[in-house]
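Take a look at the structure set out below.
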Amino acid sequence: MSGTGPRQTPWPQSASYPLVQPLQPSVVYVTETPDAMDAQYEGVTEGYAYAREGHPNADVVAQQIDRLEGAKGGIMTGSGMAAVGAVLMGLTKSGDHVIGGNQLYGRSLRMLRDDLPRMGVATDLFDPTDASTLEGVIRPETRIILVEVVSNPTLRISDMAAIAAIAKARGILLFVDNTFTTPLGCRAYDLGADIIMHSVTKLLAGHSDATLGYAVCKDPDLQDQMATFAMTMGLTASPFDCWLADRGLATFPLRYAQACRNAAKLADVLADSPAVECVLYPGRADHPDHNRASAVLSGQHGNMVTFDIKGGREKANALSQTQGIFPLAPTLGDVSTTLSHPASSSHRGLTDDQRHAIGITEGTFRMSVGVEETEGLVAQLANALANFT
Ligand SMILES: *Cc1c(COP(=O)(O)O)cnc(C)c1O
């Protein structure tokens, strides 16, 4: 088909093809005939029809994350929370019951507290570091257990073996939010997950410029049900964000290895500072779950370090303004090192008592360690702490 209309100038032909995956923002795809459209919708031929239902930029990214997780058929969503919603709302019905870890990502906790109950799905929380607290909240109608392997910001490690055993014995789906740990920290299927999600916004895309999620179910029927729900709700990922994530994923293993190396060093710098009350890093022998960390995390202990400074909010404000300290930016997984202060950001919705119960004080900072050159980064933090004290 050719003509003079705005859509009728043909794309130039090339005997060679681009090395870089193209960005394909087209919302709609042209088919030759109604028969061809039928063939496509019936699965006789393969092709795209309408971007909300799928597009090539989403598929190339999803397939890469599938490979990292050892999964098949995962989908991209417009954010990590869209992936959580696709699973929790796409796979439950009124009368079901969902259980979550008590230190889940704040918005996931909010979905369990406010949104699922409004739709007739009851919810309960348990302490995933102590699997004995799980049995007590399981009901006959429990459908899904949602856990994160490493908690934010206290970096406690869930007892994955015990939780997976209980879920399996009771026929409950184990849903793992693997954002913090990444598929290089642990492969969630190997830990017994039935469903995996990622906020691709974080380490996988890695540059704080794309908002995306990923979700996959081991069971193809559940995967179908979840993907159909995501299409119906329009939880679709933007092609441009997927294209950025594709570029980010190319360096993910390198970035992760460097960030883990840096994190281990920075944790030691913090531990040596008289201004610091305590440091939590799963790779350190003084971490409360250090033994479990060795079993669950595949040798790399992650890019997140949490520490408490002495002196409460006043000193927290002072540290944030200290020459050379990392920027206060409440996300994680960027190429540069950033800090977050949970009491004023991610955990501001909790009361002081609730925060203290999970180990967060006004002096708690969570550091997301980046890929900077190690020696310079160590010197930067050591100098900042020296200026601060
Ligand atoms: C950020 C995050 C989410 C939500 O992801 P968005 O892309 O921000 O919607 C979910 N779980 C964890 C552990 C996260 O860190």
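The values are calculated or read from the model by the stated rules, or taken from the named source; none is laboratory data. As the structure is a computational prediction, the values presented were derived from the model and not from experiment. Every residue, glycine among them, receives a Cβ derived from its backbone with ideal geometry; neighbour counts consider all protein chains shown.
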- Item | Condition met for PRO288 (surrounded by fewer than 15 Cβ atoms within 10 Å (Cβ to Cβ) and either on the phi < 0 side of the Ramachandran plot or modelled with pLDDT of 95 or more (or both)) | no
- Item | Filter result for ARG366 (without any contact (Cβ under 8 Å) to a residue 40 or more places away in the chain, outside any helix (DSSP H, G or I), at negative phi and among the basic types (Lys, Arg)) | no
- Tally, over region 294-308, of residues that are modelled with pLDDT of 90 or more, within 16 Å of MET160 (Cβ to Cβ) and in contact with a strand residue (DSSP E or B) (Cβ under 9 Å, 6 or more places away or on another chain): 1
- Note on the structure: Picking from THR389, THR331, THR361, the residue that is away from the ligand (no atom under 16 Å from the Cβ), within 24 Å of SER158 (Cα to Cα) and of a type outside the set (Lys, Arg) would be THR361
- Which strands (runs of 3 or more DSSP E) does region 100-213 wholly contain that include 3 or more residues that are modelled with pLDDT of 95 or more and away from the ligand (no atom under 16 Å from the Cβ)? 122-126
- Task: Check PRO342, PRO330 and return the single one that is in contact (Cβ under 8 Å) with a residue 60 or more places away in the chain, under 25 Å from the mean Cα position of the chain (by Cα) and closer than 24 Å to GLY185 by Cα.
- Result: PRO342
- Query: Taking the stated definitions as given, is THR92 more than 16 Å from the ligand (Cβ to nearest atom), closer than 23 Å to HIS198 by Cβ and part of a loop (DSSP other than H, G, I, E, B)?
  - Reply: yes
- If we keep just the residues of region 247-281 that are without any contact (Cβ under 8 Å) to a residue 40 or more places away in the chain, outside any helix (DSSP H, G or I) and of a type outside the set (Asp, Glu), which is surrounded by the most Cβ atoms within 10 Å (Cβ to Cβ)? VAL279
